[in-house]
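This report refers to the structure that appears directly beneath it.
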Amino acid sequence: MQAFAVAALSIWLCLGATTLAESHGPQHCTSPNMTGVLTVLALTGGEIKATGHYSYDSTDKKIRFTESEMHLNKTEHLEDYLMLFEEGVFYDIDMKNQSCKKMSLHSHAHALELPTGAAHQVELFLGSDTVQEENIKVNIWTGSVPETKGQYFLSTTVGECLPLSTFYSTDSMTLLFSNSEVVTEVKAPEVFNLPSFCEGVELEEAPEGQKNDFFSLFNSV
């Protein structure tokens with residue numbers, strides 16, 4: 001896939017100042033509970049699709065993403081998603097108008113967790129491999145998402161398995177997800193509670209031929 005090849009090349013260019021470390025073929029790892037800032041960039045055109053704060057419950061597989069008001073390019077309401085992967089649904093929440101949509105999620109894959117079946121490629125030092133305070137050791141993984149026919153290129157820290165960045169590509173999109181300001185706990189678990197106006201909302205059917213997943217949600221904003 002041409003778009004994926006471009007994305008893969010881009011990450012190597014971004015990691016141009018790194019030093020290869022010996023890879024020992026680490027086992028699949030799991031992200032901790034996290035909060036942080038997620039920024040989504042469309043590589044075709046360089047448009048920032050969204051940036052905002054998220055909370056991730058890695059045990060119960062829940063994500064709450066609230067778009068930042070600093071994203072000045074927005075002309076409509078700021079995106080606010082509650083994604084419940086174990087239940088296979090997400091809520092599109094409009095706090096301003098107190099309205100809510102409930103729709104199906106057709107894939108469990110997302111940019112804050114290493115997907116099942118990810119293949120380890122290499123271990124790298126970002127920065128200097130000789131000065132401990134000036135480097136970070138990362139693993140690079142690749143794989144595909146069968147439900148969406150997408151391919152990804154994902155970096156995680158060695159140790160805590162924090163996702164740093166994810167390139168994701170299909171025939172219709174090529175996105176870069178950047179994870180920053182990460183704290184390895186969720187201090188306000190109530191963010192995963194549904195607003196009262198969302199309770200009892202009926203599941204809406206997606207248009208024929210459309211399948212919703214984490215990546216396509218951010219491509220459509």
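The values are calculated or read from the model by the stated rules, or taken from the named source; none is laboratory data. Being a predicted model, the structure only gives us computed values, none of them experimental. Please note: Cβ atoms are built from the backbone with ideal geometry, for glycine as well, and neighbour counts cover all protein chains shown. The protein model used for the area step is the full one, side chains on, heavy atoms only, and it has no ligands, DNA or RNA in it. Shrake-Rupley method; radii C 1.70, N 1.55, O 1.52, S 1.80 Å.
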Out of the GluC sites (Glu not before Pro) in the stretch 42-71, which ones are loop residues according to DSSP with at most 14 other C-beta atoms within 10 Å? E69
How big is the accessible area of T116 in square angstrom, nearest 10, if you roll a 1.4 angstrom probe over the protein chains? 130 Å²
Between A42 and K137, take the C-beta separation as r, use R0 = 22 Å, and let me know the FRET efficiency to the nearest 0.05. 0.15
GluC sites (Glu not before Pro) within the stretch 168-199, DSSP loop, no more than 16 other Cβ atoms inside 10 Å: E185, E199
Ignoring ligands, DNA and RNA, how do M34, M173 rank by accessible area with a 1.4 Å probe, largest first? M173, M34
How much accessible area per residue does the stretch 91-198 have, in Å², with a 1.4 Å probe? 49 Å²
Distance (nanometres) between label positions extended 7 Å along Cα→Cβ at K149 and L203: 2.5 nm
Net charge of neighbours whose Cβ lies under 14 Å from the Cβ of L203, counting Lys and Arg as +1 and Asp and Glu as -1: -4
If I model a spin label as a point 7 Å beyond the Cα along the Cα-Cβ vector, how far apart are those points for M103 and E87 in nm? 1.7 nm
Area accessible to solvent at H28, 1.4 Å probe radius, in Å²: 90 Å²
Tell me, in nm to one decimal, what length is gained between E190 and S220 on full extension, where the rule is 0.36 nm per residue of separation less the Cα-Cα distance? 8.1 nm
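For D171 and L78, compute 0.36 nm times the residue count separating them, minus their Cα-Cα distance, and round to one decimal in nm. Display every interim value, and only then the final one.
Working: separation 93, 0.36 × 93 = 33.48 nm, distance 2.68 nm.
Gain in length upon complete extension: 30.8 nm.
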